[in-house]
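Worksheet: one structure, shown below.
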Amino acid sequence: MQSFTIETPIWTDLCNQFGQITLPGLIQLTLRTSEAHEHQFADMRTYMEAHKLGWIITANQMTIHRLPKFSESVRVVTEIADANQFFTFRKFQILDKHENLLVEVITTFSLLHLDTRRIARTPDIFLSWYELPNQRSKYRQLRLPKSLSSVSQTKTYYVQFLDIDGNGHVNNAVYFRWLSNALGLEWFKKYREKRVTISYNKEALLGESVTVNTEMVTKGGEVTTLHAITDYQGELHSMIEVQWEERK
């Protein structure tokens, strides 16, 4: 499968008060690009509708060289980088008008059976559509800690109607909104994201309460936060690791 590109300005709804794209905005931008790419393959969409399948994200890795700014024109390039029986790895690159690489993302997708809410195997016909080279897989499902060593702060949120997407669960971008709101304005005045890793372990559904538990680690001048997002019983929905750098 060949790479696919969109060109777009960074709209204000994707940005924060500093005029930079947010983590939820980056997720939305990459998802819009992958959905536009997928729409070019009518047979794939027909198959998914017939078998009641939907794409879900199980993990994301982001390397941020510079955050795109409001009204800046960018190119978003995506391609299927790898796939196996349960995971499809999609690569994204966000570039400015001078072809400088701003953000790199590797997103791990799986297929969800919308009736049973269980992960489905990737159909062989999908693997043939991807047209990947016949080589050993170089991507693996991410592994993050299942718990925190200590908790610096906690914040509780309730899943609202507009948090839910077409798959019937909390949209992936919402987890980053919870994280960002938990850290707050003063944090973002001082720091900006450099590397982000997230794994999604369990669906969050309408009406549920979730708690963002945050651990802050400073080592060798590097500032890292770990965020365990859990349900009311303490079961893990998602784990997020963010490495930060001071704003210049």
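The values are calculated or read from the model by the stated rules, or taken from the named source; none is laboratory data. This is a predicted model, so every value here is computed, not measured. Heads up, the Cβs are rebuilt from the backbone with ideal geometry, glycines too, and the neighbour counts pull from every protein chain shown. Ligands, DNA and RNA are stripped out before the accessible areas are found, and what is left, the full protein with its side chains, is counted by its heavy atoms. Shrake-Rupley method; radii C 1.70, N 1.55, O 1.52, S 1.80 Å.
Looking only at segment 150-163, count every residue that is of a type in the set (Val, Ile, Thr), part of a loop (DSSP other than H, G, I, E, B) and open to solvent by 40 Å² or more (accessible area, probe 1.4 Å) and tell me the total. Before the answer, list the steps.
Here is the first cut: in segment 150-163, the residues of a type in the set (Val, Ile, Thr) are 151, 154, 156, 159.
Checking which are part of a loop (DSSP other than H, G, I, E, B) leaves us with 151, 159.
After this cut, where a residue has to be open to solvent by 40 Å² or more (accessible area, probe 1.4 Å) as well, the list is 151.
Here the count works out to 1.
Does segment 99-114 hold any residues that are within 20 Å of Ile57 (Cβ to Cβ) and open to solvent by 10 Å² or more (accessible area, probe 1.4 Å), and which are they?
Glu104, Ile106, Phe109, His113, Leu114
Hey, any hits in segment 6-18 for a residue that's in a helix (DSSP H, G or I) and in contact with a Lys or Arg (Cβ under 7 Å, 6 or more places away or on another chain)? Even if it seems obvious, please write down each step before you answer.
So in segment 6-18, the residues in a helix (DSSP H, G or I) come out as 12-14.
Now restrict to residues that are in contact with a Lys or Arg (Cβ under 7 Å, 6 or more places away or on another chain): none.
There is no residue in segment 6-18 that is in a helix (DSSP H, G or I) and in contact with a Lys or Arg (Cβ under 7 Å, 6 or more places away or on another chain).
Does Arg136 fit the bill of being at positive phi, at pLDDT below 95 and among the basic types (Lys, Arg)? So that I can check it myself, show each step before the final result.
Values: at positive phi: no; at pLDDT below 95: yes; among the basic types (Lys, Arg): yes.
The answer is no for Arg136.
Take Lys97 and tell me if it is among the basic types (Lys, Arg), touching a Ser or Thr at 6+ places or on another chain (Cβ under 6 Å) and farther than 22 Å from Glu203 by Cβ. Full working, then the answer.
Numbers: among the basic types (Lys, Arg): yes; touching a Ser or Thr at 6+ places or on another chain (Cβ under 6 Å): yes; farther than 22 Å from Glu203 by Cβ: yes.
Against the criterion (among the basic types (Lys, Arg), touching a Ser or Thr at 6+ places or on another chain (Cβ under 6 Å) and farther than 22 Å from Glu203 by Cβ), Lys97 qualifies.
Exactly one of (1) under 27 Å from Ser238 (Cβ atoms); (2) out of contact with any helix residue (DSSP H, G or I) (no Cβ under 8 Å at 6 or more places or on another chain); (3) not small (Gly, Ala, Ser) is unmet by Ile94. Its number?
(2)
Results for (1) modelled with pLDDT of 95 or more; (2) among the small types (Gly, Ala, Ser); (3) under 19 Å from Asp165 (Cβ atoms), shown as yes or no for each residue.
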{"site": "Gln2", "(1), (2), (3)": "no, no, no"}
{"site": "Met48", "(1), (2), (3)": "no, no, yes"}
{"site": "Leu67", "(1), (2), (3)": "yes, no, no"}
{"site": "Asp82", "(1), (2), (3)": "no, no, no"}
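Just to be sure before I move on: is Ile119 part of a strand (DSSP E or B), open to solvent by 70 Å² or more (accessible area, probe 1.4 Å) and in contact (Cβ under 8 Å) with a residue 24 or more places away in the chain in the structure I sent? Give the derivation first.
On the way: part of a strand (DSSP E or B): yes; open to solvent by 70 Å² or more (accessible area, probe 1.4 Å): yes; in contact (Cβ under 8 Å) with a residue 24 or more places away in the chain: yes.
Yes.
Being exposed (fewer than 10 other Cβ atoms within 10 Å of the Cβ) and part of a loop (DSSP other than H, G, I, E, B) is the filter here, so list the residues in segment 122-135 that pass it. Steps first, answer last, please.
Of the residues in segment 122-135, the ones exposed (fewer than 10 other Cβ atoms within 10 Å of the Cβ) are 124, 128, 131, 133-135.
Matches in segment 122-135: Glu131, Pro133, Asn134, Gln135.
Within segment 44-65, can one find any residue that is crowded, with 16+ Cβ neighbours inside 10 Å, out of contact with any strand residue (DSSP E or B) (no Cβ under 7 Å at 6 or more places or on another chain) and of a type outside the set (A, V, I, L, M, F, W, C)?
There is no residue in segment 44-65 that is crowded, with 16+ Cβ neighbours inside 10 Å, out of contact with any strand residue (DSSP E or B) (no Cβ under 7 Å at 6 or more places or on another chain) and of a type outside the set (A, V, I, L, M, F, W, C).
Could you list, in sequence order, the residues of segment 1-35 that are open to solvent by 40 Å² or more (accessible area, probe 1.4 Å) and under 17 Å from the mean Cα position of the chain (by Cα)?
Of everything in segment 1-35, those that are open to solvent by 40 Å² or more (accessible area, probe 1.4 Å) and under 17 Å from the mean Cα position of the chain (by Cα) turn out to be Gln28, Arg32, Glu35.
Within the set of pairs 6 or more residues apart or between chains, which connect a residue that is assigned to a loop (DSSP other than H, G, I, E, B) inside segment 48-75 to a residue that is modelled with pLDDT of 95 or more and among the hydroxyl-bearing types (Ser, Thr, Tyr) with Cβ atoms less than 6 Å apart?
Listed pairs, sorted by first residue: Phe70/Thr12.
When you check Lys91 against the structure, is it outside any strand (DSSP E or B), among the basic types (Lys, Arg) and either under 19 Å from Ile198 (Cα atoms) or at pLDDT 95 or above (or both), yes or no? Lay out the reasoning, then the answer.
Numbers: outside any strand (DSSP E or B): no; among the basic types (Lys, Arg): yes; either under 19 Å from Ile198 (Cα atoms) or at pLDDT 95 or above (or both): yes.
No: the conditions fail for Lys91.
Which one is nearest to Thr58 (Cα to Cα) among residues in segment 164-174 that are open to solvent by less than 10 Å² (accessible area, probe 1.4 Å) and part of a helix (DSSP H, G or I)? Spell out how you get there, then give the answer.
Here is the first cut: in segment 164-174, the ones open to solvent by less than 10 Å² (accessible area, probe 1.4 Å) are 170, 173-174.
Okay, now just the ones that are also part of a helix (DSSP H, G or I), so 173-174.
Working: Ala173: 12, Val174: 14 Å.
The residue in question is Ala173.
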